[in-house]
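The values are calculated or read from the model by the stated rules, or taken from the named source; none is laboratory data. Since the structure is predicted, the reported quantities are computational estimates derived from the model, not experimental observations. Cβ placement follows ideal geometry from the backbone for every residue including glycine, while neighbour counts extend to all protein chains displayed.
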Amino acid sequence: MKKMLFILLGFVLLIGCRNNDSIMFKREFENLNTKNNLIKVSLPSDNPFTYITDSALQEKIEKKEDMIVLFGYSKSNETRSIVENLLDVSKKLKIDKIYYLDISEIRDEKEVNGEEVKTLKQGTDGYNKILELGKDIFKDYKINNKVVGKRIYAGTIFKIKDNNISVTNGLSDDVDLNNYTSEEKQKSYNIIYDFLKDYIINSCSVNEGC
């Protein structure tokens, strides 16, 4: 009986944490809807977003755990332009957890003077290790057309499935976020759906069942 109570308590605590993260995410993004330069979003309270730290995510990537991560931050229109579609796709595919890493304060900042590259701010250890683990898939960090390293850009959807790592920004190449039309939003939905549709695969067999 005691064992059952402990299990039930753990389940309640887990659901409570998920709900807190979901509500925090909704508030973080919707509270900026009053800013004229930002894309407005409307998010449900029961969304699948779970906050994660860079160090915790690094460990999960090292273990090659199956997961989906949104890299971004609430003041980024690149992030705001895809978040509703990411939620809609996750609901359609029955994906119940998406990790969210706010990258606004953890990335390195550099500048280029001639041929000299100067680091203005060091990225966190966790961020740099994530970059190293995904060096083959993250985009180049360019300043004045000069490649100065790798970078995780805001609005990046990251996926690990069966040990394979891939990313997308969920947007068409020629999108104009200053004029984000319903047509562009539909294109974004299609890109995200195609990217995630293989994440949940029915692995049941005739002999073994589910």
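Within the option set Asn163, Asn145, being surrounded by fewer than 18 Cβ atoms within 10 Å (Cβ to Cβ) and without any contact (Cβ under 8 Å) to a residue 12 or more places away in the chain holds for one residue only, Asn145.
Scanning the stretch 42-68 for residues that are closer than 30 Å to Asn178 by Cβ and either among the aromatic types (Phe, Trp, Tyr) or assigned to a strand (DSSP E or B) (or both) yields Phe49, Tyr51, Ile68. Against the definition (part of a loop (DSSP other than H, G, I, E, B) and in contact (Cβ under 8 Å) with a residue 60 or more places away in the chain), how does Ile39 come out, yes or no? Spelling it out, Ile39 is indeed part of a loop (DSSP other than H, G, I, E, B) and in contact (Cβ under 8 Å) with a residue 60 or more places away in the chain. On the given criteria, is Val83 under 15 Å from Gly155 (Cβ atoms), among the aliphatic types (A, V, I, L, M) and either touching a strand residue (DSSP E or B) at 6+ places or on another chain (Cβ under 8 Å) or part of a strand (DSSP E or B) (or both)? Taking the combined requirement at face value, the residue satisfies it. Of Glu28, Glu84, Glu78, all but one fail to be more than 16 Å from Gly170 (Cβ to Cβ) and of a type outside the set (Phe, Trp, Tyr); the exception is Glu28.
Whether any residue in the stretch 11-22 is modelled with pLDDT of 95 or more, buried (at least 18 other Cβ atoms within 10 Å of the Cβ) and in a loop (DSSP other than H, G, I, E, B) is what I want to check. No, there is no match, as no residue in the stretch 11-22 is modelled with pLDDT of 95 or more, buried (at least 18 other Cβ atoms within 10 Å of the Cβ) and in a loop (DSSP other than H, G, I, E, B). When we screen Asp140, Asp125 for residues that are in contact with a Gly (Cβ under 9 Å, 6 or more places away or on another chain), within 25 Å of Ser55 (Cα to Cα), surrounded by fewer than 17 Cβ atoms within 10 Å (Cβ to Cβ) and acidic (Asp, Glu), the only hit is Asp140.
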